[in-house]
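Asker: Structure incoming, see below.
The values are calculated or read from the model by the stated rules, or taken from the named source; none is laboratory data. Given the structure is predicted, the values throughout are model-derived calculations rather than measurements. Here the Cβ is made from the backbone with ideal geometry for all residues, glycine too, and neighbour counts use every protein chain on show. Quick note on the areas: whole protein, heavy atoms, side chains included, nothing else; ligands and nucleic acids left out. Shrake-Rupley method; radii C 1.70, N 1.55, O 1.52, S 1.80 Å.
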Amino acid sequence: MKLTIIGSGYVGLTTGACFAEVGHEVMCVDNDASKIETLRRGEIPIYEPGLADLVTQNVAADRLSFTTSTAEGVAHGDVVFIAVPTPPNPDGSVDLRFIEKVAREIAPHIDSYKVIVDKSTVPVKTGEKVAETIQRYAPDAKFDVVSNPEFLREGSAVHDLMKPDRIVFGSNSDRASALMKKVYEPFVAPLLVTDINSAELIKHAANSFLALKISYINAISEICEASGADIERVAEGIGMDSRIGQAFLNAGLGYGGSCFPKDIAAFIAISEQLGTPFTLLKEVQKINAHQLDRFIDRIRKSLWVLEEKKIAVWGLTFKPHTDDLRSSVAMELVEKLVVEGAVVTAYDPKGMDRAAALPIGSRIRFANSPEEAAVGADALVIATEWPEFEHVNFPRIRESMLSPILFDGRNLLDPTTMRKFGFDYHCIGRPKMD
Ligand code: UGA
């Protein structure tokens, strides 16, 4: 099929590449000319495992192309996906101006029947607005609007798209549904077809539920610390119930990233606008913030004064296998330490260039390896659970530090082993060893 993706960011580019991989002819559109040039040269502006190869192969096979022209894009695709950013407003609601702009821009170019698919994460009832807008600017256009929420995770986006748990789309038209089924025919996954509003709600409800699960286990981790229980065993015991499951029960510094914080705030905002405030989610947000606060308190308690303390921080990205720093709890932690006068030396396998470019970047020292970051440090903090941090030579690291205090914000390491190596080891919700 001929498909168009408007917006070649994280979701748009990965979706486009995967659609091409299964045999569709895909045109990706973006108004950022330099990004399109970069993509045409075969360079990928983000780090996502497997994506670069997929893009290169499909460009070479003539199944994937890039343009800055919306007119060209709309002419190409029978199905046009909108995958533009939906950033938050200061009050947590969603700024839908890019969605509205795309709806307005594509309208005059619709000269045959098109399915316009919203893939961006949007509040419920946005599809209705998109349809209204296109209708207003092109009263004779023949089209249907569909909502097709995306469930990919950064770091495993290609896998999640190629082998999804489920495919959901919301459509109020049989003609559009038939075309959407054809789009997804090559993907072997359960398909759920709903009305548009339900599909939009599924996305916010799914992300909120996952964030709720994380805050739930984080709240229990605090009770574990107060009672001497072990969060790892508790999570295991809860997760063995197949109705609950083990996934997303890893206690730590809390959730971050470009999705959960934004989507939860957006869901709260839309629920309030609808007159049905979803207050449970405010507690989820509170627990998430509290988890970092009490971790920093623990660092303060150990080091007494943070000013002038040399603190090594391993991990800056919001989770491993990405270079994304957006709403990263690790970056929030670094910023708080720096503001209190600590001298932070950070190491991250993929996130350092982006971190250096941020305003706080000039106040962080960057190391070339985890070992280098730890040299002379008063304390070491693990803020993101990159697997490579498990495989360093800890006895040597201990020797190189000024004082061997280790704060493991992601429960990456084994407490018994770390104690054996001579570390004063702190973690989340696991019993003290001394
Ligand atoms: C999330 C969802 O998992 C995807 O299904 C969804 O499509 C995506 O948002 C989106 O809306 O686009 P993502 O933000 O890439 O994906 O990352 P996750 O793997 O969900 O992790 C989010 C945050 O939760 C990370 O900061 C991670 O460290 C944290 N987390 C995750 C925990 O603290 N504990 C856990 O057990 C799991």
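Asker: Evaluate the following for LEU316: is it open to solvent by less than 60 Å² (accessible area, probe 1.4 Å) and either more than 12 Å from the ligand (Cβ to nearest atom) or closer than 30 Å to HIS204 by Cβ (or both)? Steps first, answer last, please.
Answerer: Numbers: open to solvent by less than 60 Å² (accessible area, probe 1.4 Å): yes; either more than 12 Å from the ligand (Cβ to nearest atom) or closer than 30 Å to HIS204 by Cβ (or both): yes.
For LEU316, the condition - open to solvent by less than 60 Å² (accessible area, probe 1.4 Å) and either more than 12 Å from the ligand (Cβ to nearest atom) or closer than 30 Å to HIS204 by Cβ (or both) - is met.
Asker: So for segment 235-243 (the condition being within 7 Å of the ligand (Cβ to nearest atom), open to solvent by 50 Å² or more (accessible area, probe 1.4 Å), assigned to a helix (DSSP H, G or I) and under 25 Å from GLY155 (Cβ atoms)), does at least one residue qualify? Before the answer, list the steps.
Answerer: We begin by selecting, within segment 235-243, every residue within 7 Å of the ligand (Cβ to nearest atom); these are none.
Scanning segment 235-243 turns up no residue that is within 7 Å of the ligand (Cβ to nearest atom), open to solvent by 50 Å² or more (accessible area, probe 1.4 Å), assigned to a helix (DSSP H, G or I) and under 25 Å from GLY155 (Cβ atoms).
Asker: Among residues belonging to segment 15-37 that are open to solvent by 30 Å² or more (accessible area, probe 1.4 Å) and assigned to a helix (DSSP H, G or I), point out the one that is nearest to MET162 (Cα to Cα).
Answerer: Taking segment 15-37 and keeping what is open to solvent by 30 Å² or more (accessible area, probe 1.4 Å), we get 21-23, 25, 31-35, 37.
Adding the requirement that they be assigned to a helix (DSSP H, G or I) leaves 21, 33-35, 37.
On the way: GLU21: 9, ALA33: 28, SER34: 28, LYS35: 24, GLU37: 26 Å.
For segment 15-37, the residue satisfying everything is GLU21.
Asker: Go through segment 363-434 and tell me which helices (runs of 4 or more DSSP H), entirely inside it, have 3 or more residues that are within 22 Å of ARG300 (Cα to Cα) and small (Gly, Ala, Ser). Step through it out loud before you land on a result.
Answerer: Values: elements: 370-374, 394-400, 415-420.
Output list is empty.
Asker: Of all residues in segment 93-120, which are hydroxyl-bearing (Ser, Thr, Tyr), more than 10 Å from ILE82 (Cα to Cα) and touching a residue at least 60 places away in the same chain (Cβ under 8 Å)?
Answerer: As a first pass, look at segment 93-120 and keep what is hydroxyl-bearing (Ser, Thr, Tyr): 93, 112-113, 120.
Subset that is more than 10 Å from ILE82 (Cα to Cα): 93, 112-113.
Residues satisfying the conditions are SER93, TYR113.
Asker: Run ALA71 past the list (1) in a loop (DSSP other than H, G, I, E, B); (2) more than 30 Å from PRO277 (Cα to Cα) and report the number of the one that doesn't hold.
Answerer: (1)
Asker: If you don't mind, another one. Can you tell me which of SER156, SER120 is open to solvent by less than 20 Å² (accessible area, probe 1.4 Å) and either within 12 Å of the ligand (Cβ to nearest atom) or farther than 17 Å from ALA205 by Cβ (or both)?
Answerer: Values: SER156 fails: open to solvent by less than 20 Å² (accessible area, probe 1.4 Å).
When all the criteria are applied, what remains is SER120.
Asker: Give ARG97, ARG63 a once-over and let me know the one that is surrounded by fewer than 18 Cβ atoms within 10 Å (Cβ to Cβ) and of a type outside the set (A, V, I, L, M).
Answerer: Details: ARG63 fails: surrounded by fewer than 18 Cβ atoms within 10 Å (Cβ to Cβ).
Sole residue among the options that is surrounded by fewer than 18 Cβ atoms within 10 Å (Cβ to Cβ) and of a type outside the set (A, V, I, L, M): ARG97.
Asker: Considering LEU281, LEU333, which residue is within 16 Å of the ligand (Cβ to nearest atom), touching a Leu at 6+ places or on another chain (Cβ under 8 Å), farther than 29 Å from GLU48 by Cα and assigned by TED's automatic domain parsing to the domain that holds LEU402? Spell out the reasoning first.
Answerer: On the way: LEU333 fails: farther than 29 Å from GLU48 by Cα.
When all the criteria are applied, what remains is LEU281.
Asker: Of all residues in segment 123-132, how many are without any contact (Cβ under 8 Å) to a residue 60 or more places away in the chain and open to solvent by less than 10 Å² (accessible area, probe 1.4 Å)? So that I can check it myself, show each step before the final result.
Answerer: Narrowing segment 123-132 to residues without any contact (Cβ under 8 Å) to a residue 60 or more places away in the chain: 129-132.
Remaining after also requiring open to solvent by less than 10 Å² (accessible area, probe 1.4 Å): 130.
Counting residues in segment 123-132 that are without any contact (Cβ under 8 Å) to a residue 60 or more places away in the chain and open to solvent by less than 10 Å² (accessible area, probe 1.4 Å) gives 1.
Asker: If you don't mind, there's one more thing I want to ask. Is there a residue being open to solvent by 10 Å² or more (accessible area, probe 1.4 Å), under 19 Å from SER328 (Cα atoms) and either touching a residue at least 24 places away in the same chain (Cβ under 8 Å) or in contact with a helix residue (DSSP H, G or I) (Cβ under 9 Å, 6 or more places away or on another chain) (or both) anywhere in segment 402-411?
Answerer: Yes, the conditions are met somewhere in segment 402-411.
Asker: Being within 16 Å of the ligand (Cβ to nearest atom) and more than 22 Å from TYR47 (Cα to Cα) narrows it down to one residue among ASP378, ASP408; which is it? Walk me through it before giving the result.
Answerer: Working: ASP378 fails: within 16 Å of the ligand (Cβ to nearest atom).
ASP408 is the lone residue from the list that is within 16 Å of the ligand (Cβ to nearest atom) and more than 22 Å from TYR47 (Cα to Cα).
Asker: Answer yes if at least one residue in segment 138-152 is in contact (Cβ under 8 Å) with a residue 12 or more places away in the chain, among the aromatic types (Phe, Trp, Tyr), open to solvent by 20 Å² or more (accessible area, probe 1.4 Å) and within 16 Å of the ligand (Cβ to nearest atom), and no otherwise. Outline the logic, then answer.
Answerer: First, the residues of segment 138-152 that are in contact (Cβ under 8 Å) with a residue 12 or more places away in the chain: 138, 141-152.
Restricting the remaining residues to those that are among the aromatic types (Phe, Trp, Tyr) gives 143, 151.
Checking the rest, the ones that are also open to solvent by 20 Å² or more (accessible area, probe 1.4 Å) come to 143, 151.
Retained after the next criterion (residues that are within 16 Å of the ligand (Cβ to nearest atom)): 151.
Within segment 138-152, one or more residues are in contact (Cβ under 8 Å) with a residue 12 or more places away in the chain, among the aromatic types (Phe, Trp, Tyr), open to solvent by 20 Å² or more (accessible area, probe 1.4 Å) and within 16 Å of the ligand (Cβ to nearest atom).
Asker: When the residues of segment 244-254 are narrowed to those that are open to solvent by 20 Å² or more (accessible area, probe 1.4 Å) and within 6 Å of the ligand (Cβ to nearest atom), which ends up nearest to ARG298 (Cα to Cα)?
Answerer: Selected residue: ASN250.
Asker: Sticking with this structure for a sec: Across segment 296-313, what is the number of residues that are more than 16 Å from the ligand (Cβ to nearest atom), closer than 22 Å to ASN368 by Cα and open to solvent by less than 10 Å² (accessible area, probe 1.4 Å)?
Answerer: So the count comes out to 2.
Asker: Filter segment 192-234 down to the residues that are touching a strand residue (DSSP E or B) at 6+ places or on another chain (Cβ under 6 Å) and closer than 20 Å to SER93 by Cα, then identify the one that is nearest to the ligand (Cβ to nearest atom).
Answerer: Step by step, filter segment 192-234, then rank; the result is ILE202.
Asker: Given the conditions (1) in the same structural domain as PHE295 (by TED's automatic domain parsing); (2) in contact (Cβ under 8 Å) with a residue 60 or more places away in the chain; (3) within 16 Å of the ligand (Cβ to nearest atom), report the number of the one that PHE187 does not fulfil.
Answerer: (1)
Asker: For THR322, state whether it is outside any helix (DSSP H, G or I), within 12 Å of the ligand (Cβ to nearest atom) and at pLDDT below 95. Please lay out each step first, then the result.
Answerer: Working: outside any helix (DSSP H, G or I): yes; within 12 Å of the ligand (Cβ to nearest atom): yes; at pLDDT below 95: yes.
Here the answer is yes, as THR322 does meet what is asked.
Asker: Something else about it: Just one of (1) over 30 Å from GLY351 (Cβ atoms); (2) buried (at least 16 other Cβ atoms within 10 Å of the Cβ); (3) touching a residue at least 12 places away in the same chain (Cβ under 8 Å) trips up CYS259, so point out which.
Answerer: (1)
Asker: Pairs please, first residue from segment 199-222 and more than 30 Å from ARG430 (Cβ to Cβ) and open to solvent by less than 20 Å² (accessible area, probe 1.4 Å), second anywhere and more than 8 Å from the ligand (Cβ to nearest atom) and in a helix (DSSP H, G or I), Cβ atoms under 7 Å, 6+ apart in sequence or on different chains.
Answerer: Qualifying pairs under 7 Å: GLU200/THR126; GLU200/GLY127; HIS204/ALA266; HIS204/PHE267.
Asker: Ok, one more. Hey, any hits in segment 125-133 for a residue that's within 16 Å of the ligand (Cβ to nearest atom), assigned by TED's automatic domain parsing to the domain that holds ILE99 and not in a helix (DSSP H, G or I)?
Answerer: Step one: filter segment 125-133 for residues within 16 Å of the ligand (Cβ to nearest atom), giving 126.
Next, only the ones that are assigned by TED's automatic domain parsing to the domain that holds ILE99 stay: 126.
Now restrict to residues that are not in a helix (DSSP H, G or I): none.
There is no residue in segment 125-133 that is within 16 Å of the ligand (Cβ to nearest atom), assigned by TED's automatic domain parsing to the domain that holds ILE99 and not in a helix (DSSP H, G or I).
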